[in-house]
Amino acid sequence: MGQVTVMDHPLIQHKLTIIRQTTTGTKDFREVVSEIAMLMAYEVTRDMPLEDIEIETPLVKSVQKTLSGKKVAIIPILRAGLGMVDGFLAMLPAAKVGHVGLYRDEETFEPHEYFVKLPADIKERQLFVVDPMLATGGSAIAAIEALEKRGAKPSNIKFVCLVAAPEGVKVLKEAYPDVEIVVAALDERLNENGYILPGLGDAGDRLFGTK
Ligand code: URA
């Protein structure tokens, strides 16, 4: 079964409390989401492989560590996932960025792709799919399906979100046991409208100042 990691670092928890509050306006919300994403990027890259290389310092030749292994791509799910991209890029400045856009059918409530643009070598990359909220799990699964259809391996995907509902985690784990799920907080439950409680409201609206 897929692994779920809750990043209960004090800085992350403190910053989450800030963005949960109604009194936090768009500017601060956006900045703090980006800060949390940066801290999460630091943690989710902890298992990246290293290799030895020989270098020359101004004084001597020396063998030191450098990142090896797969190159990285960050895949925000539109639109709220965009809020996490800058924080990830602060830690991984050379990463490629792919985009997955989904809309919800108003009758069936099923998510459908409307825009998918990915790096050509998606098959070879370590992918960080980012979306602030994992609620029902429908968009997460549709986004991963869109990647899989284009050759991505679920075992190369980490799904990184700020706030998750247990319902969404369960559904995503069942659909994709090989995808590692990393969350900043695992909240109580979904309400009847599919919002996470206590949550932070609509992440897209709060990031972009829309209603
Ligand atoms: N999407 C959001 O932006 N917020 C929720 O609480 C659930 C889904």
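Only the coordinates and a few stated rules stand behind these numbers; no lab work does. None of these values were measured; they are calculated from a predicted model. With ideal geometry, Cβ positions are generated from the backbone for all residues, glycine too; neighbour counts draw on all protein chains shown.
Some values worked out for this structure:
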item	result
Under-5 Å amide H pairs with V97, H placed in peptide plane, nonlocal only	I74
Computed magnitude of the charge dipole of the chain (debye, nearest 20; Cβ of K, R +1, Cβ of D, E -1)	420
Note, ³J(HN,Hα) from phi for region 116-121, Karplus 6.51, -1.76, 1.60, rounded to Hz, x at Gly and Pro	9, 9, 10, x, 4, 9
Gyration tensor verdict on region 72-128 (Cα atoms; rounded if a/c is under 1.5, prolate if a/b is larger than b/c, oblate otherwise)	oblate
Segments 120-132, 95-107 sorted - mean Cβ within 10 Å per residue, highest first	120-132, 95-107
Modelled FRET efficiency - R0 45 Å, Q21 with M48, Cβ distances, 0.05 increments	0.85
Mean Cβ neighbour count within 10 Å, used as a protection proxy, ranking 7-17, 61-71, 83-93 highest first	83-93, 7-17, 61-71
Positive-end residue of L147, G168, L67, charge dipole of the chain with Cβ unit charges	L67
Among L82, T23, H112 - extreme Cα towards positive end, dipole of the chain, charges at beta-carbon	L82
Calculated FRET value between E56 and D86, using beta carbons and R₀ = 35 Å, to 0.05	0.55
Amide H within-cut-off set for E180, under 5 Å, with H built and near neighbours excluded	I157, F159
Hz values of 3J(HN,Hα) by residue in region 54-59 - Karplus curve (6.51, -1.76, 1.60), Gly and Pro given as x	8, 10, 10, 7, x, 10
Cα-based radius of gyration of region 92-180 once divided by 2.2 N^0.38 Å, which approximates compact folds	1.06
Cα radius of gyration and Dmax for the chain (Å)	17.8, 69
For Y195, net neighbour charge (Lys/Arg +1, Asp/Glu -1) across residues whose Cβ lies under 15 Å away	-2
Long-range amide H partners of V116 with built H, under 5 Å	G101
Residue-by-residue Karplus 3J(HN,Hα) for region 202-211, coefficients 6.51, -1.76, 1.60, Hz, glycine and proline x	8, 4, x, 4, 6, 6, 9, x, 9, 10
Contact order relative to length of region 1-160, as percent, for alpha carbon pairs under 8 angstrom and 6 or more apart	19
